[in-house]
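The next block holds one structure in the form of structure tokens; read it before the comments.
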Amino acid sequence: MLETLAGRLKWERTGTGIRVEIPARLDWSVLFYVVWLVLWSMGGWHVMIETFYRHDQSMFNLFWLMGWAFGECYVTAFTIWSLTGRTTLELDPCQLEITRRIVGIQIGKRTFSNTDVRNLRFIPSRGRGRGSSPNQISFEAGDKTRKFASGIEDIEAFALIDKMLDIYKFPKERALEYLDLSR
């Protein structure tokens, strides 16, 4: 039975480990993207009908239609993720597993041995506008930095990391204690 961990996070104990459900961040930008999607669709259909009616095969129209289709797919995927996306973290004393689902369908799954995971940390959002990035949790595994729980609130991240450290004490490099992420 899932219980509230903090904010939107739900968790349950699984034998010697935990399972945590992290829903995708739903905010005002989804409304903007839905309106954009509707307007973009109307413009794309207009160009397609006009191209078909005139038998115009110009490269401009073909490139415009390809860009239109790419934009439609990207914004549709983003909107569906925002409305139905969910990340599930399963942690036991031996391994860490992160699974992403959209509309209940698994779209990605990564499993890491706990002995390979290090430097578990919360990364707060930085800036506004084009160079901004949302809150997220990251860790090192092998030679790569892995990130998950994008858009998580501060209190949710601290509660999640605290629960994770109850199951396994992930090693941390001392130099990270002196890293300033305030910019």
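Numerical summary
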| read-out | value |
| --- | --- |
| Filter pass, Val117 being touching a residue at least 24 places away in the same chain (Cβ under 8 Å) and hydrophobic (A, V, I, L, M, F, W, C) | yes |
| Count - residues of the range 89-110 that are open to solvent by less than 70 Å² (accessible area, probe 1.4 Å), modelled with pLDDT under 95 and among the β-branched types (Val, Ile, Thr) | 1 |
| Strands (runs of 3 or more DSSP E) within the range 71-130 that include 1 or more residues more than 15 Å from Leu160 (Cα to Cα) and touching a His at 6+ places or on another chain (Cβ under 6 Å) | none |
| Unmet requirement for Ile137, which otherwise passes all of (1) surrounded by 16 or more Cβ atoms within 10 Å (Cβ to Cβ); (2) farther than 25 Å from Ser29 by Cβ; (3) touching a helix residue (DSSP H, G or I) at 6+ places or on another chain (Cβ under 7 Å) | (2) |
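Yes/no per residue for (1) assigned to a helix (DSSP H, G or I); (2) open to solvent by 100 Å² or more (accessible area, probe 1.4 Å); (3) modelled with pLDDT of 70 or more:
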| position | (1), (2), (3) |
| --- | --- |
| Leu5 | no, no, yes |
| Lys10 | no, no, yes |
| Arg13 | no, yes, yes |
| Arg25 | no, no, yes |
| Val35 | yes, no, yes |
| Trp40 | yes, no, yes |
| Trp45 | yes, yes, no |
| Asp56 | no, no, no |
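The values are calculated or read from the model by the stated rules, or taken from the named source; none is laboratory data. Everything quoted here is computed from the prediction, not taken from an experiment. Counting neighbours? That spans all protein chains shown, and the Cβs are built from the backbone with ideal geometry, glycine included. Please note that ligands, DNA and RNA were not included when accessible areas were found on the heavy atoms of the full protein model with its side chains. Shrake-Rupley method; radii C 1.70, N 1.55, O 1.52, S 1.80 Å.
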